[in-house]
Each structure stands twice: as C-alpha cells, then as structure tokens.
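The values are calculated or read from the model by the stated rules, or taken from the named source; none is laboratory data. Note that the structure is predicted; figures quoted are calculated from it, not measured. No Cβ is skipped: glycine too gets one built from the backbone with ideal geometry, and neighbour counts run over all protein chains shown.
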Amino acid sequence: MYGYGSHARRIKSCCLDYFKECKDIFFSGIKRQKIDTDISLVSSIDEATSLYGKINCVFIASSNSSHLEIFKKCLDKKIEFIYVEKPATGIQEFFESSSADTFLDIKYIQIGYHFNYSKPLLSLGKSISIKEFGELIRLDIFAGHGLAFKDEFKKTWRAKDKDALIDTALSHLVNLSIKLCSIEEYYNLTTAAKYNEIHGIKDTQHVSFCGKQGALLSISSSWGSPFEQSIKAYFSNAIWEYDFTQVVLKSPRDSFDQNGFFQAPNKSIEKYNFEGIKSSVFHFLNQVTNNRCKKHEFNNSRLTSVLLDEIKCANYVSP
C-alpha cells in the first residue's frame, strides 16, 4: 500500500473484511517518512521487494500529485494488479499514449471512484442506458458534509487548499454523473462557488452541464451544509430517488384520479445502504484473488480531470 493516511486505513479495513476467513493476512505500507502505526512501513518499493519478494498487488493511496510517478514505478516492478485512488491524475492519459508493450505484465488497473461500484447506482446507470423509464430529463446530485462549522476546520488542509472541495468531494459527483449518463462530451458548463460569510471560505461548489441528449446534470457539493447525500433522476415516465439508505421509485407518469386529472404516481421503496469504498475495494480484490486478466477500469478519470480543471479555471476568473 503506497501511503498510509486515513483513506489507506479505510482500504485496509475493507481488505480485512474481504479476507476475514484468512488468518495470516499481512499488510505493508510504503511511506517516505516512517511513523508509528499498526502496519509495517518501508520507505520505498525497492525496500519492499527486497524484504518480501515479488509484489503482485498494490493500492496507491498517497498524495494526488504523486500518483503518476508511483504508478510508473509499479509498472517497472511488473506489479500485476494496481488500484489507484482517485483522481489518479495523468494515469489514463499515460496509458493511452504508451505502447502496448508497456503494460504487457499488467493484468488489471482500477481507479478508485467508488460510487461506480454501488449496486443501486449501477442499476440506475443501466436504467438510463436502456431507457427503462423513458428519456432522462434531469439528474440532481447533492453531497453535504457539514465540516466547515467545526472549530478546527480552518486549520485543516481542506480549508487551506483552494481546490480541496473540488478535488475531494465534488470529483466523485462529477465522475458519477459522467458514468451514469455515459458522457463523452459535455455542453453548457456553468459553475459557481458559494462564499460563506460566517467562516470566511468558499464552502460550496455548484456545477451544471448537459450531455449530447440534452439532459441537465446538476451537482452541488458542500462543506457548509448538514451531512446528507442524495441523487434524484427525473425520467419521462418515472422519478428515481436515492438518499443512500433507500431507493424510491415513483412511476408511471400516467396516473389519474377519478376526474381524469394527473395525480402523484405509485411509489415503491427498496432498502439500499451505501457501502462507501467497500464495493470498489471488493471488486478489485475479486480480480486479484481470481488472478484474472480484465479490461482496465479507468472510470472516466481523464474526462473527469478535464472537467474539474475547467471548473477550477471558471472559479478563478469569477468575481
């Protein structure tokens, strides 16, 4: 495991859950500055291979700016299974611009945009693709985290890094919208960052754009709201809602009362608790344990980075 911060610890927890029937699971981390922690740490991949021999699986969970450099080192060491935590800047671009020989020894690469592996969201993506509920008209995604009102927030990297909200929270939502709607090109991008006078930072980011079929995708991510996440898809024949605990489907459109006037459609509810990164990590470990060669899953990381860069530029020139 490259890097061993809070996210890497969550990955480790998922691995322990996945291998809970195995007693002899050993974790090792690669971190330039060694710290006291619950796993063995080494300072480089060379030290790791010297101590443990060939490595066939790695999680890259270090700082964003180091992802590509570390990824290339993993290629040099012929590590067969590579998981790169988002945003994985430059990884997909490097793959697409390299010769096939560069990746001969690599069986599977996965970029860790974990929303893409959630069962209800996979189901929604399929419904959009096959037009199960008619045409998609609008997709709304909101994620509130409430961090900005904590006393210690101003001292954290989230408050000091002007792009932290975009790179951490918003990136997942942008990536999810691209995945759900199979976006290859986007149009009419608008974006606005909301300044909060109470704590003096821009704690909310709004984004909207359209796909080629004309559906509106509206996204908001906030550190200044109560903790809540929600997704709502408006179709021509249904409304689909997910609050990360249950899916509510309202359908069909043609519901009338005894006088022939439109009324609210029937409602069905299914419980679906969100698993966080677990579904993504489990998907990756399935490929590892089955020693399976599989089409790499870059999860639209290149297009996501392009869109996020445009959002950042728009923020800088806005009054």
List every residue pair whose Cβ atoms sit under 7 Å apart, with the two residues 6 or more apart in sequence or on different chains, where the first one lies in region 286-298 and is acidic (Asp, Glu) and the second, anywhere, is surrounded by 13 or more Cβ atoms within 10 Å (Cβ to Cβ). 297/110; 297/111
Can you find a residue in region 167-186 that is assigned by TED's automatic domain parsing to the domain that holds residue 243, at pLDDT 90 or above, among the hydroxyl-bearing types (Ser, Thr, Tyr) and outside any helix (DSSP H, G or I)? yes
Selected residue [within 19 Å of residue 55 (Cα to Cα) and part of a loop (DSSP other than H, G, I, E, B)] from 299, 291: 291
Pull up region 95-138, narrow it to residues that are among the aromatic types (Phe, Trp, Tyr) and under 20 Å from residue 296 (Cβ atoms), then point me to the one that is surrounded by the fewest Cβ atoms within 10 Å (Cβ to Cβ). 103
Out of everything in region 15-41 that is in contact with a Lys or Arg (Cβ under 9 Å, 6 or more places away or on another chain) and surrounded by fewer than 18 Cβ atoms within 10 Å (Cβ to Cβ), what residue ends up being modelled with the highest pLDDT? 17
How many residues of region 144-199 are surrounded by fewer than 16 Cβ atoms within 10 Å (Cβ to Cβ) and either at positive phi or of a type in the set (Lys, Arg) (or both)? The answer is 9
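Conditions tested, residue by residue: (1) within 26 Å of the chain's Cα centre (by Cα); (2) at pLDDT 90 or above; (3) not basic (Lys, Arg).
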{"site": "44", "(1), (2), (3)": "no, no, yes"}
{"site": "62", "(1), (2), (3)": "yes, no, yes"}
{"site": "73", "(1), (2), (3)": "yes, yes, no"}
{"site": "83", "(1), (2), (3)": "yes, yes, yes"}
Test for residue 152: is it touching a residue at least 60 places away in the same chain (Cβ under 8 Å) and not basic (Lys, Arg): no
Hey, residue 239 modelled with pLDDT of 90 or more, over 28 Å from residue 302 (Cα atoms) and in the same structural domain as residue 128 (by TED's automatic domain parsing) or not: yes
